[in-house]
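What follows is a single structure, written as structure tokens, with notes after it.
The values are calculated or read from the model by the stated rules, or taken from the named source; none is laboratory data. Model, not experiment: these values are computed from the prediction. Quick reminder, even Gly has a Cβ in these numbers, built from the backbone with ideal geometry, and neighbours come from all protein chains shown.
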């Protein structure tokens, strides 16, 4: 199976910043598409802020800056439809990843304007709450799960934050239990989540050992199995997946079996059996360069994908699929 795709840049010659990375994408209620990313001189520089643009009638708007502190670097925006009216944009703030704090802004007009930034869990000192890179997941019960991870003390650990009251308050799970591989505890960050049946939830995670790992929950994400290795290669770079209405999974990743390996190619994989077997559905990029940190959603019979293109641009791809 090879899917046809359409590719474009969110911005081309008039880039708002010299460098950009870590995009997120969301279809909006007015028919437009929203995307956000972080950009500045370089990752971790104090001038890095969040940028947001809307695609209306096939054209992207000029990117708009969102900042909680012009003197601190911003990271990893995540868009989420909170309710029928409100879109939430989560992001990290902090000079050091280990000391991240999570902030958010809200929009009731499909991203034309945003509220003042607020801290998601005021006073949190654990290295960041809420979604760390990939989108939150609304379960069949109405609970919202946020795939989370921390990197304190050079230790990569995943957990899930969940809200049962419309994102007003958050509870965190225990850290996902990690296996040992080659006498070393596997480092895991940046989960991506899906629900296969009511209350049955799964995650795929980025690791530091050359493979994607997985964990499962049978109680709406409250408790999780010990993580276990899949046969999917991972080069210690971000991944994301989406589940279509017919139950297929589409995973975007760099299928490179090397810790900190090259971030090319960037590939879309498909599974018809809840992630047991995967096959290539599309190749987004396969030339030398960095093509990384994808975001993917399924909407209206299409896959909507954004990703980093050589740290210079954000690429937007649409792929028709049959639900």
- Within the bounds of region 164-176, is there any residue that is buried (at least 23 other Cβ atoms within 10 Å of the Cβ), closer than 23 Å to residue 22 by Cβ and in contact (Cβ under 8 Å) with a residue 60 or more places away in the chain? no
- Query: Is region 170-177 home to any residue that is modelled with pLDDT of 95 or more, part of a strand (DSSP E or B) and within 19 Å of the chain's Cα centre (by Cα)?
  - Reply: yes
- Message: residue 146 - would you say it is over 17 Å from residue 81 (Cα atoms), modelled with pLDDT of 95 or more and in contact with a strand residue (DSSP E or B) (Cβ under 9 Å, 6 or more places away or on another chain)?
- Response: no
- Can residue 21 be described as in contact (Cβ under 8 Å) with a residue 24 or more places away in the chain, more than 29 Å from residue 169 (Cβ to Cβ), in contact with a strand residue (DSSP E or B) (Cβ under 8 Å, 6 or more places away or on another chain) and buried (at least 21 other Cβ atoms within 10 Å of the Cβ)? yes
